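Only one structure is covered here, and it is reproduced in the block below.
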Amino acid sequence: PDGPPAPLPRPGAEPPPLSECMEALVALGVTFEPATIAPEHPDTDPSLTCTIEEPVYVYPPIHGVDLASFYTGESGRVLAACAMARALTATVDDLVPRGVTRIFHMGTYNCRVIAGTSTLSRHAYGDAIDFGSFELADGTGFAKGGMGLFWFDREFADQLVMLEWKTTRKEDNS
């Protein structure tokens, strides 16, 4: 997509003001649209509730780096908590000098628990994106050690962003 669809005008209605986080995305030059996502419950444990704080759809490219599905290769928007979108933008800024032009990801928001537990995955909060591989400007691609797991730690807000590479078994996936 070339960007978010134009919102339909509502006669006499002003759009809601952007949050401080969303204003920061605007200042960073990130193309996004605020989203409304109703709370959900994982199929495996309906007593748990998945919610996204300040949900946004982020449209690629981010600072010249495309976001594409690891499975289909198609570019498209990703659903994330606003704070994770800011952290993802900072990560992209770290990858650009290394020649990365495309990130192949395996998904962001997913209302589910960590396999074998009753704990919600970080994906259930829109705070995680799984990196599958990267493509460089010369067309080569690489992945370091398998799946990369990136998440934004809500507790420490702007102070902690973790990028961890690990090879995981399906049952270890959060």
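Per-residue 3J(HN,Hα) values for the range 78-94, derived from phi via the Karplus relation 6.51 cos²θ - 1.76 cosθ + 1.60 with θ = phi - 60°, read 10, 8, 8, 5, 3, 4, 5, 4, 5, 5, 4, 4, 5, 5, 4, 4, 6 Hz in sequence order (x marks Gly and Pro). Under 5 Å from the amide H of Arg112 lie the amide H atoms of Ser121, Ala124, each residue being 5 or more positions distant or on a separate chain, with H modelled from the backbone and absent for Pro and chain starts. Once the C-beta distance of Asp94 and Ala38 is scaled by a Förster radius of 45 Å, the resulting FRET efficiency is 0.85 to the nearest 0.05. As a rough guide to protection, the peptides 81-87, 48-54 ranked by mean Cβ packing within 10 Å, highest first, stand as 81-87, 48-54.
For the set His105, His63, His41, the ranking by accessible area, highest first and with no ligand, DNA or RNA atoms included, is His41, His63, His105 under a 1.4 Å probe.
The values are calculated or read from the model by the stated rules, or taken from the named source; none is laboratory data. These numbers were taken from a predicted model, which means no experiment stands behind them. Please note: Cβ atoms are built from the backbone with ideal geometry, for glycine as well, and neighbour counts cover all protein chains shown. With ligands, DNA and RNA removed, areas are computed over all heavy atoms of the protein, side chains included. Shrake-Rupley method; radii C 1.70, N 1.55, O 1.52, S 1.80 Å.
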